[in-house]
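Undergrad: Got a structure here, written out as structure tokens. Questions coming.
The values are calculated or read from the model by the stated rules, or taken from the named source; none is laboratory data. Note that this is a predicted model, so its numbers are computed, not measured. When we count neighbours, we look across all protein chains shown, and the Cβ atoms used for this are built from the backbone with ideal geometry, even at glycine.
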Amino acid sequence: MGQDAYPRWIVARGGHPADPTHAMDRFVLSLARRRRPRVCFVPTASGDAPAYLARFYRIMSRLDCEPSDLTLFERTVADIPRFVAEQDVIYVGGGNTASLLAVWRAHGLDRALRDAWTAGVVLTGVSAGMNCWFSASVTDSFDVTTLAPLSDGLGLLAGSCCPHFDGEPQRRPTYHRCVGAGLLADGWAADDAAGLVFSGTELAEVVTSAPKATAYRVRADGAGGVSEERLAARYLGD
């Protein structure tokens, strides 16, 4: 099949709260082009933390998929573009967004991910793994005690984003302030248990693994503030 034979999916997730049913992970796998998808975890934002890798494999062992990982600090994959293109789902973990982007660009993973997405590989991730797909985001990359705008994301999705919208008390006011002041473009915010599902570059739906979780469209109001639209969400449980 040609590179346009499959839809281009990005599932941008606000966080990864405990969910014994793994509803969000199951949903992401259902978008893959293969019945038993090959799922690659990219833990760059955590510095390829071994505990994070172990957690990924524990979760994926309960699902019908073929898990693998791509580490860059002790790199073992010589041909990154080929390896990434062979996957069906790329799952990016949380951590430091700024460091993730710098390391990806040094290894050419940014270009490989764009090409893979165009060819039908599903892209997903939580926290930094949400931020990376957008042009800009709110991050604690530069000081874990302070949130700040970051404006050099991959830009597969236009505008800005904010994960952990209900999980960290400073996320909502900081994102409002940045968008209202023009430091960040209009964008999207997601609760920890919510995922923004983009088909191509258009929002298709919001899915959640918790009944009260959702996502929001946040726009500058032209007077230094913002308008916040709560988006309808589909609960994946029950």
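Undergrad: Within the range 172-184, how many residues turn out to be hydrophobic (A, V, I, L, M, F, W, C) and crowded, with 18+ Cβ neighbours inside 10 Å?
TA: Going through the range 172-184 one residue at a time, the tally reaches 3.
Undergrad: Here's a follow-up. Can you run down the residue pairs with Cβ atoms below 7 Å, 6 or more apart or on separate chains, where the first is in the range 8-19 and within 14 Å of ASP192 (Cβ to Cβ) and the partner is of a type outside the set (Phe, Trp, Tyr) and surrounded by fewer than 19 Cβ atoms within 10 Å (Cβ to Cβ)?
TA: Going by the 7 Å Cβ cut-off, the qualifying pairs are GLY15/GLY167.
Undergrad: If you don't mind, another one. Scan THR44, THR71 and give me the residue that is surrounded by 12 or more Cβ atoms within 10 Å (Cβ to Cβ) and in contact (Cβ under 8 Å) with a residue 40 or more places away in the chain.
TA: It is THR44.
Undergrad: Are there strands (runs of 3 or more DSSP E) fully within the range 165-238 with at least 3 residues that are over 16 Å from the mean Cα position of the chain (by Cα)? List them. Can you show your working first?
TA: Values: elements: 187-190, 194-199, 202-208, 215-220, 226-230.
Of the strands (runs of 3 or more DSSP E) lying wholly inside the range 165-238, those with at least 3 residues that are over 16 Å from the mean Cα position of the chain (by Cα) span 215-220, 226-230.
Undergrad: Quick one: is VAL84 more than 26 Å from PHE165 (Cβ to Cβ), surrounded by 22 or more Cβ atoms within 10 Å (Cβ to Cβ) and in contact with a helix residue (DSSP H, G or I) (Cβ under 6 Å, 6 or more places away or on another chain)?
TA: Numbers: more than 26 Å from PHE165 (Cβ to Cβ): yes; surrounded by 22 or more Cβ atoms within 10 Å (Cβ to Cβ): yes; in contact with a helix residue (DSSP H, G or I) (Cβ under 6 Å, 6 or more places away or on another chain): yes.
Yes, satisfied.
Undergrad: Right, next: Take the range 1-39 and flag every residue that is in contact with a Phe, Trp or Tyr (Cβ under 7 Å, 6 or more places away or on another chain) and more than 23 Å from ALA158 (Cα to Cα).
TA: ARG33, VAL39
Undergrad: Quick check on the range 214-222. Is at least one of its residues among the polar types (S, T, N, Q) and under 23 Å from ASP25 (Cβ atoms)?
TA: So the first thing to find is which residues in the range 214-222 are among the polar types (S, T, N, Q), and the list is 214.
Next cut, under 23 Å from ASP25 (Cβ atoms) only: 214.
Scanning the range 214-222 turns up at least one residue that is among the polar types (S, T, N, Q) and under 23 Å from ASP25 (Cβ atoms).
Undergrad: Kindly indicate the residue of the range 185-205 that is crowded, with 23+ Cβ neighbours inside 10 Å and not acidic (Asp, Glu) and also nearest to PRO17 (Cα to Cα) among those meeting that condition.
TA: ALA193
Undergrad: Any residue at all in the range 16-24 that is modelled with pLDDT of 95 or more, at negative phi and touching a helix residue (DSSP H, G or I) at 6+ places or on another chain (Cβ under 9 Å)?
TA: no
Undergrad: If you check TRP133 against the conditions, is it touching a helix residue (DSSP H, G or I) at 6+ places or on another chain (Cβ under 8 Å), buried (at least 22 other Cβ atoms within 10 Å of the Cβ) and of a type in the set (Phe, Trp, Tyr)?
TA: Details: touching a helix residue (DSSP H, G or I) at 6+ places or on another chain (Cβ under 8 Å): no; buried (at least 22 other Cβ atoms within 10 Å of the Cβ): yes; of a type in the set (Phe, Trp, Tyr): yes.
When the stated conditions are applied, TRP133 does not pass them.
Undergrad: With respect to ALA98, is the statement that it is over 25 Å from VAL138 (Cα atoms) and either of a type outside the set (Phe, Trp, Tyr) or in contact with a strand residue (DSSP E or B) (Cβ under 6 Å, 6 or more places away or on another chain) (or both) true?
TA: Spelling it out, it is not the case that ALA98 is over 25 Å from VAL138 (Cα atoms) and either of a type outside the set (Phe, Trp, Tyr) or in contact with a strand residue (DSSP E or B) (Cβ under 6 Å, 6 or more places away or on another chain) (or both).
Undergrad: Could you pull out the residue among TYR91, TYR52 that is hydroxyl-bearing (Ser, Thr, Tyr), surrounded by 21 or more Cβ atoms within 10 Å (Cβ to Cβ) and modelled with pLDDT of 95 or more? Show your work before the answer.
TA: Values: TYR52 fails: surrounded by 21 or more Cβ atoms within 10 Å (Cβ to Cβ).
When all the criteria are applied, what remains is TYR91.
Undergrad: Only one of (1) out of contact with any His (no Cβ under 8 Å at 6 or more places or on another chain); (2) more than 29 Å from VAL144 (Cα to Cα); (3) not acidic (Asp, Glu) is not met by TYR57, so which one is it?
TA: With (1) out of contact with any His (no Cβ under 8 Å at 6 or more places or on another chain); (2) more than 29 Å from VAL144 (Cα to Cα); (3) not acidic (Asp, Glu) applied to TYR57, the lone miss is (2).
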